[in-house]
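Participant: Take this structure first; my questions come after.
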């Protein structure tokens, strides 16, 4: 049933339009500005794809955990810690070439993110602590740790910014526009999207393989559906919980390659920009399927970039996107039955009439 | 003896008599399933009326309608001759109906007193309600021999006592009509006897009791009238005195029941399973298994009889490699002479399967199948590591599908569609998928828990036959069932479990229901009459 | 540290713990009824904004408070619809509400006032003023009791006293009234309530609405009592701290008072001493602010007294036989 998420999405947008109307602006105008700004130029596309890259990572992170019946709401913290890993890796290892640095940073980001997910996973598996609550707590703990490190330990001498030093040039990875230039055409000059997009797409493919083609995927889906059945089949709940959360946290942490290494080229506070929460919306929208997630990530990338344009050209602040995001999560995730049940009844009735 | 279809004016219960409940033309459908088909039923005041039928015959649906859990699609309910609209449980309670569900509806961390007054408080403040209830409870307990400490926390009570609380709850609400849904499934025979005495006492006071069960013995023992349900319909209502168990059984299944399974005498081989001094203490510190010693040889079926909750499930789970989380185990298990670890990494379900143990678990919907997985995925469940299902790092889904197709054909699973999710098959066909998966692995030892619970009669015969075939192929079978008839029909030896112990072993040809019943209650058969209830806890 | 510093820190603790306490009790009602609520944050934020905006527009603190309660109630209703009527995922609904409130408040605030999401500063009648309890001035100079009474106990907004009163009231409601009995029952085993002829839906909606009212007061307190107006994202994670306090308190009212006092104290200390030197150890502000989260994780892990949530928590109720 592809119809349910589409109707939910339509409802979310309809209400957003009402909100825009209510604050005295024109939804059509707003949409025009957003489409123009996000998709109307190669530069807009470049930025849209940058955000898309973030959301593919966090969306996959939420989805992998979801298949194992775990709600990982800690993407924010895991991506934050991933950023720390990426920063340390870029600052303290003398990389000879950006390709190697990219690989190293991806590993470091994933490792830090995975380790940040490990503690809540272990607590859930061994002590029965609710993973939703612990991952929320770990978001705040990560934020505070980073604040401390950036204002004390990692801040370069003489700087007032709570941020690390700039990464050395050898770690600068090319943006998509640079690749285009290398291939001899101009596209999206100075836009934000970079080669990390390809890593994100590769991860989406690997997640698909993992979930539907490997024993681990089979086991984690079985565990997600029924823990007693998993135990009957000899699948260890502790092992699955921990491995799943390591993968989930790793995916969220890997996002830092995009925003920290690929964009700001130093580690700043709040680098994640809520991408962890966008991941929830993206996974819900994409029905936890990698293809759906890539499409939903593109939609939210468009929304985020379009929202930035909106605040630039109209008096609608970019917080509009948070409203839309909240509504999308509400309708596709929590009010799912409101849309699905009447639809099912409708189809059942029609089938009866035909049959 | 003639059994006639029931009408409100049937000869057994003539019109004009004092009817407590009358149902007229009640129908209820869930989707495509017609759970109740124009049911007519009349229950006389001051009688115990049994409703008997197989699992899935629609008994519980009918009673849930009477208690306001479901609204009937059609039909009318009369209480004391007056039509009543039972829109919810509140209306049912107001009409004087009390219900004791199969799964108790108690708040586990509340006291008995709090549970009793919940929903029947006298006012907005608790103190006066509690005081009144305490007195009332003491009176009820005295009158009906149902002593229970009002200040005890419910989860500390034995199952039998929790059931008392449920009955007291109904009586506190001044129920005139008491419905009990399979009340003895969790009781020892002695506890069940006590319950029956209580019910008879209530009837003698003029209360009306409806007893839902699938056990013929109970019907014969205490009911005045009995209605038989089959496939959503009432196929007959008779006075209990005018009938006999065989006739009832035929009505239940719609044809002669074969309680015997055709099988040749067992040809016993070498010992396959040896259990010595197996003990288990659960997470809460309760000793569930108190030193089990068992042997099963190749080519025989050992049946374990017992009331649910006496350690049978724990035994199966330990042998299958998934004991309750947090439990402590000791003792020894050996299969084919090789000792198996009790816990740790080498003792999980995978290791057990490698050691040649197959397992049809007690609850197929919670353990044996992933209800949202397709049939083909389920057909490999637990064996998904097997080399023939894998190619390098990836699973060989084509091979698994092909294999599942074969299994479903050989076991006549309907519909034979491997792409259908498990939840869309009937109970019997779900069970066939599990049985096919486990038997076709040709295990040296097959664990079987409640193989025919919620399974239609055709599938029961099929499954029984396959289990016997496995035995005849020289494999060992450990069968656990709460259905004594099933145990008697299938087993080559019968062991009875009570309170975590093996009470005794019998050969089926020399065992009687009475003797086994005594053992199930924790007594030696020659130890005299059954005394007060022992406390089996679940 | 002299006495005056201690008194000042405790005084500020009382102010800072108030929104936590209200939100914590709000969560208590909801979760005791079996509805998980991670949307406390969003409801508080919505209330803070509504209160700040209406107080600024009308000049009345009381109207501001009412608006705050209404704003929070609206979101509580959404949460009820999602988790009770449509049996959706309560956690996801909470996340959605938090995100929505974060955006909506700024969106509407910008439209109304054009101050980048702020509301104009309120003062006078538009803000809850502090109450001096009887005799506070008189005994100010009595040693020990004087400052404790006149500084710590007296001289707070009426909403502070309301929050403190809500603790014994909640205890009484929970353990001494019919409503409380049913509320606790529906969070443990809704089937027991349903078969007793009580509507699970109505009971849970009542709990969610009470939760909305209390979050409303909490938010209003922040905007028009603790501060003089709404600022973007002003709750700054307090809804989550309240949630942590609720777990810390094991879903019990008096414990909630203790837990929120502790978390308020940590905040007060870190405000006063960004660097706390305790002999050889220096505790930084971020550490103090992190402590509530760490403590909650420790409690959740069951290393110090296990916290067992209401058994039916998070599960939509589906009738079954």
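Participant: Taking the conditions exactly as written (in a helix (DSSP H, G or I) and either within 14 Å of chain A (Cβ to nearest Cβ) or crowded, with 24+ Cβ neighbours inside 10 Å (or both)), does residue C:62 satisfy them or not? Outline the logic, then answer.
Facilitator: Values: in a helix (DSSP H, G or I): yes; either within 14 Å of chain A (Cβ to nearest Cβ) or crowded, with 24+ Cβ neighbours inside 10 Å (or both): no.
In short, no.
Participant: Out of the residues in segment A:231-279 that are closer than 18 Å to residue A:139 by Cβ, touching a strand residue (DSSP E or B) at 6+ places or on another chain (Cβ under 9 Å) and not in a loop (DSSP other than H, G, I, E, B), which is farthest from the other protein chains (Cβ to nearest Cβ)?
Facilitator: Once the filter is applied, the top-ranked residue is A:260.
Participant: Only one of A:243, A:211 is in contact (Cβ under 8 Å) with a residue 24 or more places away in the chain, under 28 Å from residue B:400 (Cα atoms), over 15 Å from the mean Cα position of the chain (by Cα) and surrounded by fewer than 20 Cβ atoms within 10 Å (Cβ to Cβ); which? Spell out how you get there, then give the answer.
Facilitator: Details: A:211 fails: surrounded by fewer than 20 Cβ atoms within 10 Å (Cβ to Cβ).
Just a single option satisfies the conditions, and that option is A:243.
Participant: Also, I was wondering about something else. Is there a residue in segment C:113-120 that is within 11 Å of chain A (Cβ to nearest Cβ) and part of a helix (DSSP H, G or I)?
Facilitator: Scanning segment C:113-120 turns up no residue that is within 11 Å of chain A (Cβ to nearest Cβ) and part of a helix (DSSP H, G or I).
Participant: Then there's this: If I ask for residues that are over 22 Å from residue B:156 (Cβ atoms), facing another protein chain (nearest Cβ under 9 Å) and free of Cβ contacts under 8 Å to residues at least 24 places away in the same chain, which ones from segment B:120-138 would you list?
Facilitator: Residues satisfying the conditions are B:121, B:122, B:123, B:124, B:125, B:127, B:129.
Participant: Within segment A:280-290, can one find any residue that is outside any helix (DSSP H, G or I), within 9 Å of chain C (Cβ to nearest Cβ) and surrounded by 17 or more Cβ atoms within 10 Å (Cβ to Cβ)? Give the derivation first.
Facilitator: Just the residues of segment A:280-290 that are outside any helix (DSSP H, G or I), to begin with: A:286-289.
Checking which are within 9 Å of chain C (Cβ to nearest Cβ) leaves us with none.
No, the conditions are met nowhere in segment A:280-290.
Participant: Mind listing whichever residues of segment B:14-58 are modelled with pLDDT under 90, more than 15 Å from residue B:234 (Cα to Cα) and outside any strand (DSSP E or B)?
Facilitator: Within segment B:14-58, B:14, B:15, B:16, B:17, B:18, B:31, B:32 meet the criteria.
Participant: Could you list all residues from segment B:287-318 that are within 10 Å of residue B:480 (Cβ to Cβ) and touching a helix residue (DSSP H, G or I) at 6+ places or on another chain (Cβ under 7 Å)?
Facilitator: Matches in segment B:287-318: B:303, B:304, B:305, B:306.
Participant: For segment A:215-226, which residues satisfy the criterion of being over 11 Å from residue B:370 (Cβ atoms) and more than 9 Å from chain B (Cβ to nearest Cβ)?
Facilitator: Within segment A:215-226, A:216, A:220 meet the criteria.
Participant: Report, by residue number, each residue of segment C:74-95 that is touching a residue at least 24 places away in the same chain (Cβ under 8 Å) and surrounded by fewer than 23 Cβ atoms within 10 Å (Cβ to Cβ). Talk me through it step by step, then tell me what you get.
Facilitator: Filtering segment C:74-95 down to residues touching a residue at least 24 places away in the same chain (Cβ under 8 Å) leaves C:74-77, C:79-80, C:83-85, C:87-88, C:90-91, C:93-95.
If the condition is that a residue be touching a residue at least 24 places away in the same chain (Cβ under 8 Å) and surrounded by fewer than 23 Cβ atoms within 10 Å (Cβ to Cβ), then C:74, C:77, C:85, C:87 are the ones that fit.
Participant: Restricting to segment C:170-190, name every residue that is more than 9 Å from chain B (Cβ to nearest Cβ), more than 16 Å from residue C:308 (Cα to Cα) and in contact with a helix residue (DSSP H, G or I) (Cβ under 7 Å, 6 or more places away or on another chain).
Facilitator: Matches in segment C:170-190: C:170, C:171, C:173, C:174, C:183, C:190.
Participant: Residue check: is residue B:106 more than 9 Å from chain C (Cβ to nearest Cβ) and surrounded by 17 or more Cβ atoms within 10 Å (Cβ to Cβ)?
Facilitator: No: the conditions fail for residue B:106.
Participant: Looking at C:280, C:292, can you tell me which residue is within 27 Å of residue C:8 (Cβ to Cβ), more than 8 Å from chain A (Cβ to nearest Cβ) and modelled with pLDDT under 80?
Facilitator: Going through C:280, C:292 in turn, just one is within 27 Å of residue C:8 (Cβ to Cβ), more than 8 Å from chain A (Cβ to nearest Cβ) and modelled with pLDDT under 80: C:280.
Participant: I would also like to ask the following. Can you report the number of residues in segment B:376-409 which are more than 10 Å from chain A (Cβ to nearest Cβ), within 23 Å of residue A:232 (Cβ to Cβ) and in contact (Cβ under 8 Å) with a residue 12 or more places away in the chain?
Facilitator: Total satisfying the criteria: 8.
Participant: Output the number of the condition that residue C:228 fails; it satisfies all remaining conditions of (1) under 28 Å from residue A:144 (Cα atoms); (2) more than 13 Å from every other protein chain (Cβ to nearest Cβ); (3) within 16 Å of the chain's Cα centre (by Cα).
Facilitator: Every listed condition holds for residue C:228 apart from (3).
Participant: Continuing with the same structure: Looking at A:48, A:80, A:53 in this structure, which one is in contact with a strand residue (DSSP E or B) (Cβ under 9 Å, 6 or more places away or on another chain), buried (at least 24 other Cβ atoms within 10 Å of the Cβ) and in a helix (DSSP H, G or I)?
Facilitator: A:53
Participant: If a residue counts only when it is more than 23 Å from residue B:57 (Cβ to Cβ), which helices (runs of 4 or more DSSP H) contained entirely in segment B:440-525 have at least 3 such residues?
Facilitator: B:457-472, B:513-520
Participant: Just one of A:106, A:121 is part of a helix (DSSP H, G or I) and farther than 30 Å from residue C:37 by Cβ; which is it? Can you show your working first?
Facilitator: Values: A:121 fails: farther than 30 Å from residue C:37 by Cβ.
Matching residue, one of A:106, A:121: A:106.
Participant: Something else: Could you tell me which of the residues C:68, C:94 is at the interface with chain A (Cβ under 10 Å from one of its Cβ atoms), under 16 Å from the mean Cα position of the chain (by Cα) and in a helix (DSSP H, G or I)?
Facilitator: Result: C:94 is the single residue among C:68, C:94 that is at the interface with chain A (Cβ under 10 Å from one of its Cβ atoms), under 16 Å from the mean Cα position of the chain (by Cα) and in a helix (DSSP H, G or I).
Participant: Considering A:236, A:264, A:226, A:248, which residue is surrounded by fewer than 24 Cβ atoms within 10 Å (Cβ to Cβ) and within 26 Å of residue A:5 (Cα to Cα)?
Facilitator: Going through A:236, A:264, A:226, A:248 in turn, the sole match is A:226.
Participant: Hey, could you check segment A:323-355 for residues that are free of Cβ contacts under 8 Å to residues at least 24 places away in the same chain and facing another protein chain (nearest Cβ under 9 Å) and say which is farthest from residue C:118 (Cα to Cα)?
Facilitator: A:348
Participant: In segment B:363-375, which residues are surrounded by 24 or more Cβ atoms within 10 Å (Cβ to Cβ), touching a strand residue (DSSP E or B) at 6+ places or on another chain (Cβ under 9 Å) and more than 8 Å from chain A (Cβ to nearest Cβ)?
Facilitator: If the condition is that a residue be surrounded by 24 or more Cβ atoms within 10 Å (Cβ to Cβ), touching a strand residue (DSSP E or B) at 6+ places or on another chain (Cβ under 9 Å) and more than 8 Å from chain A (Cβ to nearest Cβ), then B:375 is the only one that fits.
The values are calculated or read from the model by the stated rules, or taken from the named source; none is laboratory data. Keep in mind that what you see is a predicted model, and the values were worked out from it rather than measured. Counting neighbours? That spans all protein chains shown, and the Cβs are built from the backbone with ideal geometry, glycine included.
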